[in-house]
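These notes are about the structure you will find just below.
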Amino acid sequence: MTDTIKLSQARRGDRGVIVQVGAHCHHQADAVELERRLLELGFVEGAHVELLHEGLFGRDPIAMKVDDMRVALRRHEAESLMIQLDAA
Amino acid sequence: MDVALKAARVALVGNPNSGKTALFNALTGAHQKVANYAGVTVERKEGLIRAASGRTLSVLDLPGTYSLRARSPDEEVTRDAILGRLAGETPPDVVVCVADATNLRLVLRLILELKAVGRPMVLALNMYDIAQRQGLRIDLEKLGAELGVPIITTVATRKRGIDDLIAAVEQQVDVAALSESQWHSPDAAALRSAAREAERIMKACVRPPERPDTLTGKIDSVLLHPVGGMLILMAILFVMFQAVFSWAAPLMDGIEGGIGWIGEMVAAILPDGLLQSLIVDGVISGVGSVLVFLPQILILFLFIIALEDFGYMARAAFLMDKIMGGAGLHGRAFIPLLSSFACAIPGVMAARVIDSKRDRLTTILVAPLMTCSARIPVYTLIIAAFIPNETVWGFANLQGVVMFGLYAAGIFSALIVSLVIRKIFWRGAVEPFMMELPTYKVPDLKSVGFNLWLRAKIFLTRAGRIILPAVVILWVLATFPYPPENATLPAIDYSFAGMLGRALEPIFAPIGFNWQMVIALIPGMAAREVAVAALGTTYAIADAENATGLLASTLAQHWSLATALSFLAWYIFAPQCVATLGVVRRETNSLKWTWVMIGYMFGLAYLASFVTYHVAVSMGGG
């Protein structure tokens, strides 16, 4: 059994596959822009991700492995990414 | 018959960290010009190459980007240059897309986007040696066919593949035809399908590395450790500050001595009079007062460039993001603010690394609150004069504690001000923080040295352009009109600067400043430390900067403790540096924001001095 969670809820060591990029509400210009930026940085549906590091305060920001590159982002941005966790 | 080959224009584009600048340096060597694009403040780097065929190629190094859909001013330049929309720029004949061979996925998507622009293109697969070492197999023929562009493998740091690249570019100039640009800003759906296409090409042409880089992961587990990483960052900063202040000291003394010597020589050659005064007191000492900071700025940049090339700066931004974010600043603001401890000018310029316009503006507005090295002469003079050199709490030197307090006050107020800016000017809006954490690489000594030399050149020409006219104007103000025959006071008292000082005195009386101090503040606008020299002049002591000890004892007789503390408080905040204001004006491209900065900084300075003065007087320091 596998879980689908928001990337913002992931913990260090969690791995999975991105199943959805961008929040469903597309009324805000900010959300539309964020979705495009995430896509440009390699956060695409199907990409393999692993949470590598968490910041000291509030475990924020987070450093991710996205396919074969490393990307840092805040949990706030990670909220618009859904990942399906790999079966442990 | 010899037909002169048509000169061609080449533009380099690529993702950040693709080694694009290293390739640019390998292509053009020292033949490069750094300027600004017309109307914007993005650095324009251009170099000329003479190809073996005799053709001249002018190469433009465009800011790194993931997409032509520009977000920062840097990326806008890249987009507009490629599309031929940039005012005063001819569109490139050939686009060279620079890719990190070990990190192709994102650049493949960018290439698909670039192809829509319809300009002839060459793909430079850079860092090809690292790809080979990792056992990464790229089917170059297939990849070239899939993308429809010629591919050249390069190792920019070893100058490998450079001639092949030039040849491939020339071939494109000759054969390839321009087609109409089909590019339009891609929406999410277009980005997704391009990413899928890039993924398909990647799978078809690239076999994953047999020996993938594991070092980056290992280094990160130390440097990004929540606690350990933070401690290491603090240690790096500590070493950096030690270096900036202690290594630079002998060099600075040397430069100071050299400038003094040049001044004396010129004074000996030129006849006494206006010309001598203008050149010695105005130009040489004015420009010299800025030149003195060159060693500190170079040491600071040595650290910054080396850490950047190593790949650490993105990690520092990661570690600091939460702390900076609490004050409404972006993690990336860390680097510009750090630079500002040496001098706000490179700090303000370094704010370019921040994508978002708002975050960049906030950073620029608070950068001058960081205690720059020009404040040090002022601080040390006043501290030496008024703060007893004694031990407090059993271990700390009181003078050192005051110095530390002044630094802390600068940092603390910068955090408060940026928080207020966020609350007042852009309520609620939080810019996303996301960035690639590049693979660690050993910095290339030659390229670090080269970039350092470039920084020095930029600093000197910019400072010269602003400082030189400013010191001439201030010299005029401080020299004319001449004192009367039977003058009893120093000459400056009778000059325009003196009159201005007297006129402004009532404004400064409530914060405990006397008219001599007000006069010193006027030339002190050229640069903060000039105030020390100016105080020396008004108190009629020759060569004040070399005799701070003497000046300090004079000040101790003339000023109350409350006045001295008020003066220190003033210097934490007051924007007493026309060079910084000039750079802010250019970097923000806005007179309004420059005035906002001048206004809030003078406002805070007055308020802080007022409070300091009156508290000190009420406690018996008057």
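Output the residue which, of all residues in the range B:200-219 that are touching a residue at least 60 places away in the same chain (Cβ under 8 Å), at the interface with chain A (Cβ under 10 Å from one of its Cβ atoms) and in a helix (DSSP H, G or I), is farthest from B:Lys441 (Cα to Cα).
B:Met202
Which one of B:Ala124, B:Ala167 is buried (at least 21 other Cβ atoms within 10 Å of the Cβ) and either assigned to a helix (DSSP H, G or I) or touching a strand residue (DSSP E or B) at 6+ places or on another chain (Cβ under 7 Å) (or both)?
Matching residue, one of B:Ala124, B:Ala167: B:Ala124.
Among the residues of the range B:286-294, are any hydroxyl-bearing (Ser, Thr, Tyr), surrounded by fewer than 22 Cβ atoms within 10 Å (Cβ to Cβ) and more than 14 Å from every other protein chain (Cβ to nearest Cβ)?
no
Please give the strands (runs of 3 or more DSSP E) falling wholly within the range B:10-117 in which 3 or more residues are among the acidic types (Asp, Glu) and in contact with a strand residue (DSSP E or B) (Cβ under 7 Å, 6 or more places away or on another chain).
none
Residue by residue through the range A:68-88, note down the ones that are of a type outside the set (A, V, I, L, M) and either more than 9 Å from the chain's Cα centre (by Cα) or buried (at least 19 other Cβ atoms within 10 Å of the Cβ) (or both).
Selection gives A:Asp68, A:Arg70, A:Arg74, A:His76, A:Glu77, A:Ser80, A:Gln84, A:Asp86.
Residues of the range B:219-264 being out of contact with any strand residue (DSSP E or B) (no Cβ under 9 Å at 6 or more places or on another chain) and among the small types (Gly, Ala, Ser), which ones?
Across the range B:219-264, the qualifying residues are B:Gly228, B:Ala235, B:Ala243, B:Ser246, B:Ala248, B:Ala249, B:Gly254, B:Gly257, B:Gly258, B:Gly260, B:Gly263.
Any residue that is under 19 Å from B:Ser566 (Cβ atoms) and buried (at least 17 other Cβ atoms within 10 Å of the Cβ) - is there at least one of those in the range B:410-431?
There is at least one residue in the range B:410-431 that is under 19 Å from B:Ser566 (Cβ atoms) and buried (at least 17 other Cβ atoms within 10 Å of the Cβ).
Please go through the range B:39-91 and pick out each residue that is of a type in the set (A, V, I, L, M, F, W, C), under 25 Å from B:Phe433 (Cα atoms) and more than 24 Å from the chain's Cα centre (by Cα).
Answer for the range B:39-91, where residues must be of a type in the set (A, V, I, L, M, F, W, C), under 25 Å from B:Phe433 (Cα atoms) and more than 24 Å from the chain's Cα centre (by Cα): just B:Leu68.
Filter the range B:396-450 for residues that are within 14 Å of chain A (Cβ to nearest Cβ), of a type outside the set (D, E, K, R), under 30 Å from A:Gly22 (Cβ atoms) and part of a loop (DSSP other than H, G, I, E, B) and give the result.
The answer is B:Trp426, B:Gly428, B:Ala429, B:Val430, B:Pro432, B:Phe433, B:Leu437, B:Pro438, B:Thr439.
Would it be correct to say that B:Leu165 is touching an Asp or Glu at 6+ places or on another chain (Cβ under 7 Å), in contact (Cβ under 8 Å) with a residue 24 or more places away in the chain and among the hydrophobic types (A, V, I, L, M, F, W, C)?
no
Does A:Leu41 qualify as being at the interface with chain B (Cβ under 7 Å from one of its Cβ atoms), within 23 Å of B:Asp187 (Cα to Cα) and touching a strand residue (DSSP E or B) at 6+ places or on another chain (Cβ under 8 Å)?
Taking the combined requirement at face value, the residue satisfies it.
What's the total number of residues in the range B:11-28 that are over 13 Å from B:Thr102 (Cα atoms) and either among the charged types (D, E, K, R) or within 21 Å of the chain's Cα centre (by Cα) (or both)?
Selection size over the range B:11-28: 6.
Do we find that B:Val98 is touching a residue at least 24 places away in the same chain (Cβ under 8 Å), within 28 Å of the chain's Cα centre (by Cα) and under 25 Å from B:Ser193 (Cβ atoms) in this structure?
Judged against the criteria, B:Val98 is a match.
For A:Arg36, all conditions in the list (1) within 13 Å of chain B (Cβ to nearest Cβ); (2) farther than 26 Å from B:Asn17 by Cβ hold save one; what is the number of the exception?
Against the list (1) within 13 Å of chain B (Cβ to nearest Cβ); (2) farther than 26 Å from B:Asn17 by Cβ, A:Arg36 comes up short only on (2).
Looking at B:Arg200, B:Arg192 in this structure, which one is more than 24 Å from B:Ala22 (Cα to Cα), buried (at least 18 other Cβ atoms within 10 Å of the Cβ) and out of contact with any Gly (no Cβ under 9 Å at 6 or more places or on another chain)?
One residue alone meets the criteria, B:Arg192.
Does A:Ala72 satisfy the criteria of being in contact with a Phe, Trp or Tyr (Cβ under 7 Å, 6 or more places away or on another chain) and either facing another protein chain (nearest Cβ under 10 Å) or in contact (Cβ under 8 Å) with a residue 60 or more places away in the chain (or both)?
Yes.
Answer with yes or no whether B:Ile364 is closer than 14 Å to B:Gly347 by Cα and either under 29 Å from the mean Cα position of the chain (by Cα) or at pLDDT 90 or above (or both).
Considered against the rule, which asks whether it is closer than 14 Å to B:Gly347 by Cα and either under 29 Å from the mean Cα position of the chain (by Cα) or at pLDDT 90 or above (or both), B:Ile364 comes out as yes.
Count, please, the residues in the range A:55-67 that happen to be facing chain B (nearest Cβ under 7 Å) and either surrounded by fewer than 19 Cβ atoms within 10 Å (Cβ to Cβ) or within 19 Å of B:Asp100 (Cα to Cα) (or both).
Final tally of qualifying residues: 5.
The values are calculated or read from the model by the stated rules, or taken from the named source; none is laboratory data. Bear in mind the structure is a predicted one, so any value in this text is a computation, not a measurement. Methodologically, a virtual Cβ is constructed for each residue, glycine included, from the backbone with ideal geometry; neighbour enumeration extends over all protein chains shown.
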